[in-house]
Structure formats: structure tokens, C-alpha cells
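Below is one structure, written out as C-alpha cells; comments come after it.
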Amino acid sequence: MNEATAEKVANAAIGAAAVGAAYFIVRTPQLRQLAWRLLVTAVTVTAPTWFRRELRESWNESSRRAI
């Protein structure tokens, strides 16, 4: 088996595992609620942080002199 084939097989195995895990989570109410809470937490924490960083970088770039 060459490297390209091994990568394709590994990607297929990881994809199948991800689909299986997603199906299991969707079918289990407690895990579905946990996944939803984690998603909401991730969005509400990372989005403001990203927005703040973008604003800071924009502000710093706007103060630079044009060449």
C-alpha cells in the first residue's frame, strides 16, 4: 500500500467514525443536550473574542502611516 492509498483509507475511517459518533450523539438525548450546550458556549465565547481581536488589529492598522 502506498502513502496516497493509506491516506485515503485513513480519511475514510476517520469520516466513518465521525458519522457514527454524530449519529450516536443525535440519537441520545443527554448527549444531544450536552453537544448543544457546548456549541452555544463555544459560539458565545469565541465570536466576541474574534471580533475584539479584529477590531484591535484594524485600529492598529489604521494608525500606521501609508508608504
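Just so it is clear, none of the values below were taken in a lab; they were calculated from the coordinates. Here the structure is a predicted model, which is why all the values come from computation and not from measurement. As a convention, Cβ positions derive from the backbone with ideal geometry for all residues, glycine included, and neighbour counts pool all protein chains shown.
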For the chain, take the longest principal axis of its alpha carbons; what is the angle in degrees between that and the long axis of helix 3-27, to the nearest 10 within 0 to 90? 90 degrees
Can you tell me the dipole magnitude for the chain around its Cα centre, using point charges on the Cβ only (Lys, Arg +1; Asp, Glu -1), in Debye to the nearest 20? 340 debye
Distance in nm between pseudo-label sites at residue 17 and residue 34 (7 Å out along the Cβ direction from Cα): 1.8 nm
Helix 29-62: inclination vs the chain longest Cα principal axis, degrees, rounded to 10, gives 30 degrees
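Calculated from DSSP H runs of 4 or more alone, at -39500 (n - 2.57) each and per residue, what is the 222 nm mean residue ellipticity of the chain, nearest 500?
Using -39500 (n - 2.57) per qualifying helix, the result is -32000 deg cm²/dmol.
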